[in-house]
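The values are calculated or read from the model by the stated rules, or taken from the named source; none is laboratory data. All figures in this text were calculated on a predicted structure; none of them were measured in a lab. Note that we place each Cβ from the backbone using ideal geometry, even for glycine, and neighbour counts take in every protein chain shown.
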Amino acid sequence: MLLWYLRRAVPWAALLGCCAAAALLALTLERWPGSALIVLPALLACCAAAAAFVFDETPLAVVEVTPRGGSWRRTARLAVTCVPAAVWAVLVLARPGDLPLHRPSWGLVGAAAIALTAGVAGLMSRRAVTAPGSLLAAVVVLTVIGPVVLTAFLGWDSIYPIEDFGTGVTAVWSVVAVAGVAACLTVATPRLRR
């Protein structure tokens, strides 16, 4: 019985663990605000990685054939994406370390990353991948943290500026947000039967 419970709880534990890691990073940022160029993208990576675990469901083959079907299940799972989005919103509004964060821009960054991650996880679930969370969370963390390392080595401006975002950075994150919304809408719509 305990083994069954642990297998059912692991995706939720991973989601909540990522959210807890984001909160710990916010405390780190409160203590050392000078590390914001590294810690803020890591915080974003934690919240986006949490969204990857929303669609983990081991008995996927059983759930897909229920009368309500897969689109109802995916829509219900998509609603759980509000948990990492709320964590991100609270952390941006709290402004740890009294950083001069441009809140609408950082809100866009978080919403875009979380929506795209949840959309891709939902699309993987739609293709009968029972647990896309682990693989997708790793890819998301590398994708979010990679530009930090790359821009530091090359001396470029970061795509995660602390203050006001430029038009180029805003355009990049807007495209990511549109792709995330499109993926989420695709997940929520039922498949056409042939």
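Here are some notes:
- Positions within the range 106-132 being over 16 Å from the mean Cα position of the chain (by Cα) and among the small types (Gly, Ala, Ser), in sequence order: Ala128
- Which listed residue, of Val187, Val172, Val141, is free of Cβ contacts under 8 Å to residues at least 24 places away in the same chain and either exposed (fewer than 13 other Cβ atoms within 10 Å of the Cβ) or assigned to a helix (DSSP H, G or I) (or both): Val172
- Within the range 80-120, the set of residues being closer than 12 Å to Phe55 by Cβ and at pLDDT below 90 comprises Val80, Thr81.
- Count of the range 144-169 residues which are in a helix (DSSP H, G or I), of a type in the set (A, V, I, L, M, F, W, C) and over 17 Å from the mean Cα position of the chain (by Cα): 7
- Of all the numbered requirements in (1) more than 18 Å from Leu44 (Cβ to Cβ); (2) surrounded by 15 or more Cβ atoms within 10 Å (Cβ to Cβ), Ile114 misses one, and that requirement is (1).
- So Phe165, is it hydrophobic (A, V, I, L, M, F, W, C) and surrounded by 12 or more Cβ atoms within 10 Å (Cβ to Cβ): yes
- Cβ-Cβ contacts under 6 Å between residues 6 or more apart (or on different chains), taken from a first residue in the range 98-120 that is over 12 Å from Asp164 (Cα atoms) to a second residue that is modelled with pLDDT of 90 or more and β-branched (Val, Ile, Thr), are listed as Ala112/Val176; Ala115/Val181; Leu116/Val176; Thr117/Val140.
- Qualifying position, being more than 22 Å from Ala112 (Cα to Cα) and at pLDDT 85 or above, among Arg31, Arg8: Arg31
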